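The values are calculated or read from the model by the stated rules, or taken from the named source; none is laboratory data. Predicted model, so just to flag it, every value in this text is computed and none were measured. Every residue, glycine among them, receives a Cβ derived from its backbone with ideal geometry; neighbour counts consider all protein chains shown.
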Amino acid sequence: MITSIFSKSKPINFLVVFLIVIIAFTVAQLKFSRSNFEIEQLALQAGIFFTCVGTVFLLNFVVSKNSLTKKNNYEILLFSLFLLLIPQTVLDWKIVLSNFFVLLALRRLISLRSQKNSMKKLFDSGFWIAVAALFNFWAILFFLVVLSALVFYSEN
């Protein structure tokens with residue numbers, strides 16, 4: 001049943017993934033959150049939720065733009081299921097933002113395959129990883145991916 005739904009790129013896929021993200025977010029809030037219900041907290045949680053949804057759309061864009069998979073949406077299903085599997089990840093806004101910026105950096109690194117504007121793409125990916133490291137220190141380890149891409153795609 002899952003393969004019949006997600007084997008082709010359809011709008012129903014995004015609806016199912018959106019519902020899974022809502023369930024993951026609700027489970028995390030009900031089970032693990034210890035904060036009071038205030039307007040500031042509600043605005044922060046809404047921002048985290050929309051960042052998670054934006055990450056799903058960005059992931060789908062990266063995969064479809066670079067033809068990483070065939071015409072299916074398994075990647076967004078797996079991402080949303082991982083959010084459901086580890087719901088504590090949506091509680092910390094710094095990790096969610098760091099994840100979004102790392103995904104932006106990986107988008108630029110994957111696009112290095114075209115061999116156009118390589119230096120600009122390497123700079124952009126390094127910039128996004130530096131921004132991600134401002135929110136979560138361990139995102140700095142993704143600079144190793146930038147260095148390996150530099151070695152792999154260097155012209156000399």
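From the list LEU58, LEU68, the lone residue that is over 12 Å from the mean Cα position of the chain (by Cα) and within 20 Å of ALA105 (Cα to Cα) is LEU68.
Under the condition of being closer than 18 Å to SER80 by Cβ, of a type outside the set (A, V, I, L, M) and surrounded by 13 or more Cβ atoms within 10 Å (Cβ to Cβ), the residues counted in the stretch 19-40 number 3.
When VAL102, VAL90, VAL96 are screened for being crowded, with 18+ Cβ neighbours inside 10 Å and at pLDDT 95 or above, only VAL102 passes. Are any residues in the stretch 94-152 of a type in the set (Ser, Thr, Tyr) and touching a residue at least 40 places away in the same chain (Cβ under 8 Å), and if so, which ones? Residues satisfying the conditions are SER98, SER111. Would you check if LEU68 is more than 23 Å from ILE129 (Cα to Cα), of a type in the set (A, V, I, L, M) and in contact (Cβ under 8 Å) with a residue 12 or more places away in the chain? No. Taking THR69, is it exposed (fewer than 14 other Cβ atoms within 10 Å of the Cβ) and among the β-branched types (Val, Ile, Thr)? Spelling it out, THR69 is indeed exposed (fewer than 14 other Cβ atoms within 10 Å of the Cβ) and among the β-branched types (Val, Ile, Thr). From the list SER118, SER111, the one residue that fits, being among the hydroxyl-bearing types (Ser, Thr, Tyr), over 15 Å from the mean Cα position of the chain (by Cα) and buried (at least 17 other Cβ atoms within 10 Å of the Cβ), is SER111. Answer yes if at least one residue in the stretch 57-77 is small (Gly, Ala, Ser) and within 30 Å of GLY126 (Cα to Cα), and no otherwise. Yes: one or more hits.
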